[in-house]
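For reference, the structure is listed below as C-alpha coordinates.
The values are calculated or read from the model by the stated rules, or taken from the named source; none is laboratory data. Treat the numbers as computed from the prediction; the structure is a model and nothing was measured. Quick reminder, even Gly has a Cβ in these numbers, built from the backbone with ideal geometry, and neighbours come from all protein chains shown. SASA here: full protein model, heavy atoms, side chains in, ligands and nucleic acids out. Shrake-Rupley method; radii C 1.70, N 1.55, O 1.52, S 1.80 Å.
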Amino acid sequence: MSHVKKTREGIRIRLEPEEAALLRALMEQLLALLGEAPGGDDELASLGIAENAATPDDPVLARLFPDAYRDDGEAAGEFRRYTEMGLRDGKRAAAGMVLDALGAEGGKIVLDDEQAQGWLRALNDVRLALGTRLDITEDWYEEAEHMDPRDSRTPMFAAYDWLTMLQESLVRVLW
(Lines give C-alpha, C1' and ligand atoms only; values in the text may rest on other atoms or scores of the structure.)
Protein backbone atom coordinates (compact mmCIF):
# COMPACT_ATOMS: atom_id res chain seq x y z
CA MET A 1 0.00 0.00 0.00
CA SER A 2 1.34 3.42 -0.95
CA HIS A 3 2.57 5.74 1.76
CA VAL A 4 3.08 9.51 1.56
CA LYS A 5 5.17 11.44 4.07
CA LYS A 6 6.83 14.85 4.33
CA THR A 7 10.52 14.62 5.19
CA ARG A 8 13.47 17.01 5.23
CA GLU A 9 14.30 15.71 1.75
CA GLY A 10 10.87 16.55 0.38
CA ILE A 11 7.62 14.66 -0.14
CA ARG A 12 8.37 10.94 0.01
CA ILE A 13 6.00 8.52 -1.68
CA ARG A 14 6.48 4.79 -1.32
CA LEU A 15 4.77 2.68 -3.98
CA GLU A 16 4.54 -1.06 -4.31
CA PRO A 17 5.62 -2.41 -7.73
CA GLU A 18 1.98 -3.04 -8.69
CA GLU A 19 1.03 0.51 -7.74
CA ALA A 20 3.90 1.97 -9.76
CA ALA A 21 2.88 -0.17 -12.76
CA LEU A 22 -0.75 0.94 -12.47
CA LEU A 23 0.19 4.59 -12.16
CA ARG A 24 2.56 4.32 -15.13
CA ALA A 25 -0.14 2.68 -17.28
CA LEU A 26 -2.74 5.30 -16.31
CA MET A 27 -0.37 8.20 -17.04
CA GLU A 28 0.58 6.71 -20.40
CA GLN A 29 -3.11 6.31 -21.25
CA LEU A 30 -3.74 9.90 -20.22
CA LEU A 31 -0.93 11.10 -22.49
CA ALA A 32 -2.33 9.06 -25.38
CA LEU A 33 -5.79 10.51 -24.75
CA LEU A 34 -4.49 14.08 -24.63
CA GLY A 35 -2.66 13.68 -27.92
CA GLU A 36 -1.54 16.84 -29.60
CA ALA A 37 -3.43 20.08 -29.21
CA PRO A 38 -5.45 21.17 -32.23
CA GLY A 39 -3.65 23.67 -34.37
CA GLY A 40 -1.07 22.30 -36.74
CA ASP A 41 2.08 23.91 -38.01
CA ASP A 42 0.69 27.34 -38.80
CA GLU A 43 1.93 30.60 -37.34
CA LEU A 44 -0.92 30.87 -34.82
CA ALA A 45 -0.17 27.41 -33.42
CA SER A 46 3.42 28.50 -32.78
CA LEU A 47 1.92 31.23 -30.57
CA GLY A 48 -0.27 28.73 -28.69
CA ILE A 49 -3.46 29.63 -30.55
CA ALA A 50 -5.51 26.74 -31.92
CA GLU A 51 -7.20 27.74 -35.17
CA ASN A 52 -9.67 24.83 -35.18
CA ALA A 53 -10.30 24.27 -31.47
CA ALA A 54 -13.73 22.81 -30.77
CA THR A 55 -15.53 21.17 -27.89
CA PRO A 56 -14.31 17.56 -27.88
CA ASP A 57 -16.75 14.80 -28.79
CA ASP A 58 -15.08 12.41 -26.33
CA PRO A 59 -16.80 12.88 -22.93
CA VAL A 60 -13.48 12.48 -21.08
CA LEU A 61 -11.77 15.19 -23.12
CA ALA A 62 -14.86 17.37 -22.72
CA ARG A 63 -14.52 16.90 -18.94
CA LEU A 64 -10.78 17.66 -18.99
CA PHE A 65 -11.35 20.70 -21.27
CA PRO A 66 -14.83 22.00 -20.45
CA ASP A 67 -16.34 24.99 -22.21
CA ALA A 68 -15.65 28.20 -20.32
CA TYR A 69 -19.02 29.67 -21.31
CA ARG A 70 -21.82 27.10 -21.34
CA ASP A 71 -24.47 29.50 -22.61
CA ASP A 72 -22.37 31.24 -25.24
CA GLY A 73 -20.90 28.92 -27.85
CA GLU A 74 -19.06 31.67 -29.66
CA ALA A 75 -17.34 32.97 -26.50
CA ALA A 76 -16.56 29.38 -25.44
CA GLY A 77 -14.96 28.67 -28.81
CA GLU A 78 -12.90 31.84 -28.70
CA PHE A 79 -11.73 31.08 -25.15
CA ARG A 80 -10.84 27.50 -26.13
CA ARG A 81 -8.93 28.79 -29.16
CA TYR A 82 -6.58 30.78 -26.93
CA THR A 83 -6.26 28.39 -23.98
CA GLU A 84 -6.55 24.75 -25.03
CA MET A 85 -3.03 24.29 -26.37
CA GLY A 86 -1.53 25.63 -23.14
CA LEU A 87 -3.86 23.53 -21.02
CA ARG A 88 -2.96 20.38 -22.96
CA ASP A 89 0.74 21.20 -22.65
CA GLY A 90 0.31 21.61 -18.88
CA LYS A 91 -1.54 18.32 -18.53
CA ARG A 92 1.09 16.51 -20.61
CA ALA A 93 3.88 18.08 -18.52
CA ALA A 94 2.23 17.00 -15.25
CA ALA A 95 1.73 13.42 -16.48
CA GLY A 96 5.34 13.42 -17.71
CA MET A 97 6.49 14.56 -14.27
CA VAL A 98 4.83 11.51 -12.73
CA LEU A 99 6.32 9.18 -15.34
CA ASP A 100 9.79 10.67 -14.88
CA ALA A 101 9.66 10.09 -11.12
CA LEU A 102 8.29 6.54 -11.23
CA GLY A 103 10.71 3.70 -10.85
CA ALA A 104 9.99 0.47 -12.67
CA GLU A 105 9.84 -1.44 -9.40
CA GLY A 106 8.07 1.13 -7.25
CA GLY A 107 9.92 1.97 -4.08
CA LYS A 108 10.61 5.42 -2.67
CA ILE A 109 10.09 8.56 -4.70
CA VAL A 110 11.09 11.96 -3.33
CA LEU A 111 9.40 15.04 -4.77
CA ASP A 112 9.97 18.73 -4.18
CA ASP A 113 6.91 20.97 -3.77
CA GLU A 114 6.72 21.82 -7.48
CA GLN A 115 6.84 18.15 -8.48
CA ALA A 116 4.22 17.31 -5.84
CA GLN A 117 1.93 19.99 -7.33
CA GLY A 118 2.45 18.41 -10.77
CA TRP A 119 1.58 15.01 -9.33
CA LEU A 120 -1.62 16.45 -7.86
CA ARG A 121 -2.65 17.89 -11.22
CA ALA A 122 -1.90 14.62 -13.04
CA LEU A 123 -3.69 12.50 -10.43
CA ASN A 124 -6.70 14.79 -10.69
CA ASP A 125 -6.74 14.47 -14.48
CA VAL A 126 -6.59 10.68 -14.33
CA ARG A 127 -9.33 10.61 -11.69
CA LEU A 128 -11.51 12.87 -13.84
CA ALA A 129 -10.94 10.61 -16.84
CA LEU A 130 -11.75 7.42 -14.91
CA GLY A 131 -14.68 9.04 -13.15
CA THR A 132 -16.15 10.13 -16.47
CA ARG A 133 -15.69 6.69 -18.08
CA LEU A 134 -17.21 4.97 -15.04
CA ASP A 135 -19.99 7.57 -14.70
CA ILE A 136 -19.05 8.07 -11.05
CA THR A 137 -21.55 10.03 -8.99
CA GLU A 138 -21.62 11.05 -5.33
CA ASP A 139 -23.06 7.61 -4.55
CA TRP A 140 -20.25 5.68 -6.19
CA TYR A 141 -18.96 4.17 -2.92
CA GLU A 142 -22.36 2.57 -2.36
CA GLU A 143 -22.43 1.31 -5.94
CA ALA A 144 -18.91 -0.12 -5.64
CA GLU A 145 -19.78 -1.72 -2.30
CA HIS A 146 -22.59 -3.75 -3.91
CA MET A 147 -20.79 -4.46 -7.17
CA ASP A 148 -20.28 -8.06 -8.23
CA PRO A 149 -16.52 -8.79 -8.09
CA ARG A 150 -16.84 -10.27 -11.58
CA ASP A 151 -18.16 -6.97 -12.97
CA SER A 152 -15.67 -5.73 -15.57
CA ARG A 153 -15.70 -2.28 -13.96
CA THR A 154 -14.52 -3.54 -10.55
CA PRO A 155 -10.77 -3.09 -11.21
CA MET A 156 -11.33 0.44 -12.50
CA PHE A 157 -13.42 1.35 -9.44
CA ALA A 158 -10.56 0.00 -7.29
CA ALA A 159 -8.04 2.07 -9.29
CA TYR A 160 -10.21 5.17 -8.85
CA ASP A 161 -10.42 4.56 -5.12
CA TRP A 162 -6.64 4.07 -4.84
CA LEU A 163 -5.95 7.23 -6.86
CA THR A 164 -8.33 9.12 -4.56
CA MET A 165 -6.44 7.91 -1.48
CA LEU A 166 -3.06 8.73 -3.04
CA GLN A 167 -4.21 12.22 -4.01
CA GLU A 168 -5.72 12.84 -0.57
CA SER A 169 -2.51 11.69 1.13
CA LEU A 170 -0.46 14.04 -1.03
CA VAL A 171 -2.80 16.94 -0.29
CA ARG A 172 -2.58 16.27 3.46
CA VAL A 173 1.22 16.38 3.55
CA LEU A 174 1.35 19.52 1.39
CA TRP A 175 -1.13 21.48 3.51
Given unit charges at Cβ for Lys, Arg (+) and Asp, Glu (-), the dipole magnitude of region 81-175 about its Cα centre in debye, nearest 20, is 440 debye
Answer in debye to the nearest 20: the dipole magnitude of region 104-145 about its Cα centre, from +1 Lys/Arg and -1 Asp/Glu charges placed on Cβ, is 280 debye
Quick calc, the chain, dipole around Cα centre from Cβ unit charges on Lys, Arg (+) and Asp, Glu (-), nearest 20 debye, gives 880 debye
With the 1.4 Å probe rolled over protein heavy atoms, the chain has an accessible area per residue in Å² of 59 Å²
Cα extents of region 77-118 along the principal axes, largest first, in whole Å, come to 45, 21, 9
Cα pairs beyond 13 Å in region 55-95, in percent, come to 54 percent
A convex hull over the alpha carbons of region 42-175 yields, per residue, a volume in Å³ of 169 Å³
